[in-house]
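**Q** Can you keep this structure in mind? I'll have questions shortly.
The values are calculated or read from the model by the stated rules, or taken from the named source; none is laboratory data. Computed from a prediction, not measured in an experiment: that's the story for all the values here. Note that we place each Cβ from the backbone using ideal geometry, even for glycine, and neighbour counts take in every protein chain shown.
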Amino acid sequence: MPQGNASNWWDKQYDQQRQHPFFRARQADRLKLAADLIGNAHQAALNSFRADSEAFMNSSARGIELDSFPVYVMLVGLAMENLAKGVLVAKNPQHFSDGKKPTHRLTKYIKECGLCLSAKQVALLPEVEACVVWAGRYPVPTSIGGWRLRRGATEQMQVPGTIDLQDKPEIEEIYDLLCRALRTAVHAAAK
C-alpha cells in the first residue's frame with residue numbers, strides 16, 4: 001500500500017466494518033464468550049458459598065467471583081448491543097452514517113429491532129443498559145443521580161443496574177432472540 005493512501009485505506013476499512021453486520025456479530029461472539037467465562041466463575045463461587053459458606057469465607061479464593069455478576073451482564077449487554085446494531089445495519093447499511101457516534105443506548109437499539117419481548121424482558125433492558133454504562137464498569141454511577149431508586153424488573157423499587165442471577169435466563173433469551181434477528185436480517189438483505 002502506498003504511504004500516501006494509508007489514511008484513505010483505514011477510512012475505507014472503518015466504513016466497511018461499521019456498515020457490515022458480520023463484524024458486529026463477530027464482536028458479539030467474543031464478548032459473549034468472555035461473559036460466559038465470568039458467569040460460570042460467578043455460578044461456581046455461588047455454589048461453593050451455598051454449600052459451605054464458612055469454608056468459602058475462610059478460603060483465599062473468596063470474594064471477587066461473587067461480585068462479578070454485573071460484569072457478566074455488562075459483557076452480555078455489550079454483545080447484545082453489537083447484535084442489535086448488526087440487525088439495524090443489515091436492514092439499512094447507512095443506519096449509523098449520520099455522523100453521530102453510536103452510543104450504549106441498548107434499550108433504544110433493541111426496540112428499533114422490533115423484537116417480540118416479554119414484559120419482564122422489556123423491564124430488564126434498562127437494567128442491562130445500566131450494567132453496560134456503569135454498574136459493570138465502575139463502583140459508582142456515572143452521574144450523581146444514577147443511584148436514584150426506580151421501579152425495576154422485579155416491580156420493586158431498586159437501584160438502577162440491579163440484576164439478579166434469577167434474571168440470567170431472560171437475559172440469555174434476549175441474546176438468543178437478537179442472534180436469530182441478525183441471521184434473519186442478513187438473510188433478507190442478501191435477497
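**Q** Restricting attention to helices (runs of 4 or more DSSP H) lying wholly within segment 68-137, give those where 3 or more residues are among the β-branched types (Val, Ile, Thr) and either in contact (Cβ under 8 Å) with a residue 40 or more places away in the chain or in contact with a strand residue (DSSP E or B) (Cβ under 8 Å, 6 or more places away or on another chain) (or both). Explain how you work it out, then say what you get.
**A** Details: elements: 69-91, 106-113, 119-130.
Result: 69-91.
**Q** Same structure, new question: Among the residues of segment 7-18, is there at least one that is under 24 Å from LYS85 (Cα atoms) and under 19 Å from the mean Cα position of the chain (by Cα)? So that I can check it myself, show each step before the final result.
**A** Going through segment 7-18, the residues under 24 Å from LYS85 (Cα atoms) turn out to be 9-18.
Narrowing the set further to residues that are under 19 Å from the mean Cα position of the chain (by Cα) leaves 18.
Within segment 7-18 (the criterion being under 24 Å from LYS85 (Cα atoms) and under 19 Å from the mean Cα position of the chain (by Cα)), the answer is yes, since at least one residue qualifies.
**Q** Right, next: GLY63 versus (1) touching a residue at least 12 places away in the same chain (Cβ under 8 Å); (2) surrounded by 12 or more Cβ atoms within 10 Å (Cβ to Cβ); (3) assigned to a loop (DSSP other than H, G, I, E, B): which is the lone unmet condition?
**A** All conditions pass for GLY63, except number (1).
**Q** Restricting to segment 1-60, what's the tally of residues that are closer than 27 Å to GLY136 by Cα and either at pLDDT below 75 or not in a loop (DSSP other than H, G, I, E, B) (or both)?
**A** Of the residues in segment 1-60, 38 are closer than 27 Å to GLY136 by Cα and either at pLDDT below 75 or not in a loop (DSSP other than H, G, I, E, B) (or both).
**Q** Considering only residues of segment 101-137 that are of a type in the set (Asp, Glu) and within 16 Å of ASN82 (Cβ to Cβ), which is surrounded by the fewest Cβ atoms within 10 Å (Cβ to Cβ)?
**A** Within segment 101-137, the first condition is being of a type in the set (Asp, Glu), and the residues that meet it are 112, 127, 129.
Add one more test, that the residue is within 16 Å of ASN82 (Cβ to Cβ), and what stays is 112, 129.
Values: GLU112: 15, GLU129: 25.
Residue satisfying both the conditions and the ranking: GLU112.
**Q** With respect to GLY145, is the statement that it is modelled with pLDDT under 80, part of a loop (DSSP other than H, G, I, E, B) and either in contact with a strand residue (DSSP E or B) (Cβ under 6 Å, 6 or more places away or on another chain) or over 17 Å from LEU117 (Cβ atoms) (or both) true? So that I can check it myself, show each step before the final result.
**A** On the way: modelled with pLDDT under 80: yes; part of a loop (DSSP other than H, G, I, E, B): no; either in contact with a strand residue (DSSP E or B) (Cβ under 6 Å, 6 or more places away or on another chain) or over 17 Å from LEU117 (Cβ atoms) (or both): yes.
Considered against the rule, which asks whether it is modelled with pLDDT under 80, part of a loop (DSSP other than H, G, I, E, B) and either in contact with a strand residue (DSSP E or B) (Cβ under 6 Å, 6 or more places away or on another chain) or over 17 Å from LEU117 (Cβ atoms) (or both), GLY145 comes out as no.
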